[in-house]
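Participant: Questions regarding the structure given below will be posed in turn.
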Amino acid sequence: MAHAGYNNVRPKCRSDFRTMTVGVALERAIHAQNTAKSHGSNCRGKRKKRVWMDCDKLIANTVLQLNRTLDGVKDNGPDWTNQTFCADVDAQTWLSTALTNIETCRAGAVELNVSGVIEPIVSSNVSELISNCLAVNGVLIDEHNSTATDDDEFPIWISAGERRLLQSSSVASQAKYVVSKKGRGDFRSIQAAINQATSRRRGNERIVIYIKRGVYRENVIISSKMSGIMLVGDGLRYTIITGARSVGGGYTTYSSATFGVDGPGFIARGITFRNTAGPGKGQAVALRSASDLSVFYSCGFEGYQDTLFVLAQRQFYKSCYIYGTIDFIFGNAAAVFQNCLIYVRKPLWGQINVVTAQGRGDPFQNTGISIHNSQIRAAPDLEPVARFYQTYLGRPWQQYSQTVVLKSYIDRLVNPQGWLRWQNSDFALSTLYYGEYRNFGPGASTRLRVKWAGYHVITSRNVASRFTVSSLIAGRTWLPSTGVPFTAGL
């Protein structure tokens with residue numbers, strides 16, 4: 001429901017002004033949503049319909065995030081307390097997501113060359129209004145850095161019960177629903193299990209679904225209303241969800257995902273998400289996540305270009321395997337990858353490999369990609385011919401792209417310069433933030449790295465700590481309840 005009347009309100013303090021800016025942005029977003037819906041029937045052709053469907057869903061999620069933000073901050077007083085701090089940081093995450101949704105809608109229309117479809121959305125200044133909200137809320141966020149430790153512990157956002165559940169070797173036996181390709185469960189389809197489970201949910205209980213070994217050829221969607229779902233497989237080698245959608249096949253990058261999750265609090269363990277479109281089909285996403293406070297534990301992600309779309313919100317990846325070629329970890333989430341194996345595959349001849357393409361488009365968005373205690377290596381198909389292909393750690397997809405690599409192993413396949421320009425331009429070289437801290441391996445030397453203003457060889461532990469689980473994704477406040485082991489600090 002919209003909160004109306006903010007155009008005639010005189011703020012008494014900065015927190016009132018924040019409430020007013022979010023309220024105005026919400027009103028315009030709802031107007032854009034209604035206008036877009038009224039134009040939906042005019043869309044002719046598969047490409048226009050596909051983009052309109054993406055944008056309709058994304059703008060609806062923007063309205064959801066703005067409502068959530070407004071409800072969270074409207075009662076905050078001007079005094080600073082720890083509780084207010086948490087609310088403000090949450091608000092910055094939700095506002096960042098609201099803005100990212102609009103940009104994702106715009107990008108899909110450009111991909112399929114049907115930009116006119118989204119005019120009702122982008123012409124209402126929603127992006128600019130949300131950007132203003134980010135700036136105002138950013139001023140109200142205290143310069144607060146949690147004290148980081150090197151101890152393995154559980155983040156607070158996961159209950160003790162869920163913690164035990166994730167670590168348990170018998171977690172499958174505790175599942176409420178079972179999916180089996182061979183018919184030895186409650187469902188044969190993962191989507192059918194999710195739909196049934198969420199329709200029968202009582203209160204806010206966590207829904208645990210066990211997916212038995214097998215290859216599941218289906219495109220799965222977990223909507224923003226489907227919260228608290230946990231999927232448990234028989235291991236990333238045995239439980240595989242696969243699809244083959246791609247931009248080359250007529251989909252947007254967003255809609256190409258084999259598995260897409262928006263519902264908050266999602267957890268996956270022991271599952272591989274795969275896209276088999278291949279290197280010749282362009283962008284082809286294996287998993288797309290905009291799930292806030294989500295965890296992927298001992299999972300696999302396999303594809304080529306754009307394998308893993310960390311679209312938005314706070315995400316944690318622990319002990320995962322990620323395979324790809326171009327921009328294969330990309331998006332505008334606050335995402336931490338810890339103890340992960342990142343494998344660069346063999347691309348098409350003449351292509352360049354890029355591990356990350358982070359999409360932070362506003363300086364106040366609290367987003368970024370952090371690769372911590374992980375390994376970046378050549379996949380078996382690339383290893384014998386790695387010298388014939390160039391591989392880079394990242395390139396700036398958007399103006400304020402932010403990526404760091406901390407205490408990780410970097411193999412010799414990475415170009416000594418480390419980082420790549422966006423399409424041979426000077427775009428974002430002074431506004432991005434790329435950093436490396438105490439990495440090792442034959443490709444980790446920073447002696448010949450790029451000399452951009454936005455690139456940093458991080459020597460300060462305090463600076464590096466800004467990109468840890470504790471700071472970047474506020475992991476201490478939600479990860480413990482998931483049961484996933486994690487390192488809060490460096």
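The values are calculated or read from the model by the stated rules, or taken from the named source; none is laboratory data. As the structure is a prediction and not an experimental result, all values here were calculated from the model. In this analysis, Cβ positions are derived from the backbone assuming ideal geometry, glycine residues included, and neighbour counts consider all displayed protein chains. The accessibility values were calculated without ligands, DNA or RNA, using every heavy atom of the protein model including side chains. Shrake-Rupley method; radii C 1.70, N 1.55, O 1.52, S 1.80 Å.
Participant: Against the condition modelled with pLDDT under 95, of a type in the set (S, T, N, Q) and within 29 Å of Ile473 (Cβ to Cβ), how does Ser173 come out, does it pass? I'd like the intermediate steps shown before the answer.
Facilitator: On the way: modelled with pLDDT under 95: yes; of a type in the set (S, T, N, Q): yes; within 29 Å of Ile473 (Cβ to Cβ): no.
Taking the combined requirement at face value, the residue does not satisfy it.
Participant: Return the residues of region 367-381 that are surrounded by fewer than 21 Cβ atoms within 10 Å (Cβ to Cβ) and part of a loop (DSSP other than H, G, I, E, B); say none if nothing qualifies.
Facilitator: Asn373, Ala379, Pro380, Asp381
Participant: How many residues are touching a strand residue (DSSP E or B) at 6+ places or on another chain (Cβ under 8 Å) and loosely packed, with under 15 Cβ neighbours inside 10 Å when one looks only at region 460-476?
Facilitator: So the count comes out to 1.
Participant: When the residues of region 227-254 are narrowed to those that are in contact with an Asp or Glu (Cβ under 8 Å, 6 or more places away or on another chain) and open to solvent by less than 20 Å² (accessible area, probe 1.4 Å), which ends up farthest from Ser481 (Cα to Cα)?
Facilitator: To start, the set of residues in region 227-254 that are in contact with an Asp or Glu (Cβ under 8 Å, 6 or more places away or on another chain) comprises 228, 230, 241, 243, 247, 252-254.
From the residues that got through so far, the ones that are open to solvent by less than 20 Å² (accessible area, probe 1.4 Å) too are 228, 230, 241, 243, 252-254.
Details: Gly228: 12, Met230: 13, Ile241: 26, Gly243: 31, Thr252: 35, Thr253: 32, Tyr254: 30 Å.
Per the criteria, the residue is Thr252.
Participant: Kindly indicate whether Lys37 is charged (D, E, K, R), out of contact with any Leu (no Cβ under 9 Å at 6 or more places or on another chain), at pLDDT 85 or above and assigned to a helix (DSSP H, G or I). Talk me through it step by step, then tell me what you get.
Facilitator: Numbers: charged (D, E, K, R): yes; out of contact with any Leu (no Cβ under 9 Å at 6 or more places or on another chain): yes; at pLDDT 85 or above: no; assigned to a helix (DSSP H, G or I): yes.
Considered against the rule, which asks whether it is charged (D, E, K, R), out of contact with any Leu (no Cβ under 9 Å at 6 or more places or on another chain), at pLDDT 85 or above and assigned to a helix (DSSP H, G or I), Lys37 comes out as no.
Participant: If I ask for residues that are surrounded by fewer than 16 Cβ atoms within 10 Å (Cβ to Cβ) and within 24 Å of the chain's Cα centre (by Cα), which ones from region 206-226 would you list?
Facilitator: Arg217, Glu218, Lys225
Participant: Touching a Lys or Arg at 6+ places or on another chain (Cβ under 9 Å) and at pLDDT 95 or above: is that true of Arg421 in this structure?
Facilitator: Values: touching a Lys or Arg at 6+ places or on another chain (Cβ under 9 Å): yes; at pLDDT 95 or above: yes.
Taking the combined requirement at face value, the residue satisfies it.
Participant: Is it fair to say Ser401 is among the polar types (S, T, N, Q), crowded, with 22+ Cβ neighbours inside 10 Å and touching a Leu at 6+ places or on another chain (Cβ under 6 Å)? Don't jump to the end; show me each part of the working.
Facilitator: Values: among the polar types (S, T, N, Q): yes; crowded, with 22+ Cβ neighbours inside 10 Å: yes; touching a Leu at 6+ places or on another chain (Cβ under 6 Å): yes.
So Ser401 fits the description; yes.
Participant: Please go through region 292-330 and pick out each residue that is among the acidic types (Asp, Glu) and on the phi > 0 side of the Ramachandran plot. Give the derivation first.
Facilitator: Taking region 292-330 as the starting set, the residues that turn out to be among the acidic types (Asp, Glu) are 292, 302, 306, 327.
Residues satisfying the conditions are Asp306, Asp327.
Participant: What's the number of the condition Thr252 fails, among (1) of a type outside the set (Gly, Ala, Ser); (2) assigned to a helix (DSSP H, G or I); (3) touching a residue at least 12 places away in the same chain (Cβ under 8 Å)?
Facilitator: Here Thr252 clears every test but (2).
Participant: Answer yes if at least one residue in region 109-126 is open to solvent by less than 30 Å² (accessible area, probe 1.4 Å), modelled with pLDDT of 80 or more, closer than 25 Å to Ile473 by Cα and part of a helix (DSSP H, G or I), and no otherwise.
Facilitator: Scanning region 109-126, I find no residue that is open to solvent by less than 30 Å² (accessible area, probe 1.4 Å), modelled with pLDDT of 80 or more, closer than 25 Å to Ile473 by Cα and part of a helix (DSSP H, G or I), so the answer is no.
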